[in-house]
Amino acid sequence: MANSPQAKKRARQIERRTAVNKNRRTRVRTFLRKVEEAIAGGDQAQAKDALKAAQPEIMRSVTKGILHKNTASRKISRLAGRVKAMA
């Protein structure tokens, strides 16, 4: 348990940041799920639109420190490949 005032403050800051990061991570997963569902549904037009919406959101998560740059690039690349393969 935090005893010093500084440690107590840091604990409060971590709580707030954890909540913000959880929301951001959830938002990214929602965009990813929409692309996955469109691919599973077999609708290429819808999958393309979902991917187009998901790409900036995934890259934004990189700048916010939610995902690593290479992880985000890999996810986008694999999703794009799967959408392209639907043709």
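The values are calculated or read from the model by the stated rules, or taken from the named source; none is laboratory data. Remember, it's a predicted structure, so these values are computed and weren't measured experimentally. Because the Cβ atoms are built from the backbone with ideal geometry, glycine has one as well, and the counts that use them run over all protein chains shown. Remember, those area values only see protein heavy atoms, side chains included, never the ligands or the DNA or RNA. Shrake-Rupley method; radii C 1.70, N 1.55, O 1.52, S 1.80 Å.
Sort out which residues of segment 46-87 are over 25 Å from K22 (Cα atoms) and of a type in the set (A, V, I, L, M, F, W, C), and write them in order of number. If the condition is that a residue be over 25 Å from K22 (Cα atoms) and of a type in the set (A, V, I, L, M, F, W, C), then A47, A80, V83, A85, M86, A87 are the ones that fit. Contact map, segment 62-79: first residue closer than 14 Å to R27 by Cα, second residue open to solvent by 60 Å² or more (accessible area, probe 1.4 Å) and not in a helix (DSSP H, G or I), Cβ cut-off under 9 Å, separation 6 or more or different chains; pairs are V62/H68. Of the residues making up segment 18-36, those that are free of Cβ contacts under 8 Å to residues at least 12 places away in the same chain and open to solvent by 100 Å² or more (accessible area, probe 1.4 Å) are K22, N23, R29, R33.
Conditions (1) open to solvent by 50 Å² or more (accessible area, probe 1.4 Å); (2) at positive phi, marked per residue:
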position	(1), (2)
R16	yes, no
I39	no, no
G42	yes, yes
A45	yes, no
L51	no, no
A54	no, no
K69	yes, no
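Here V83 meets each of (1) in contact (Cβ under 8 Å) with a residue 40 or more places away in the chain; (2) open to solvent by 50 Å² or more (accessible area, probe 1.4 Å) with one exception, condition (2).
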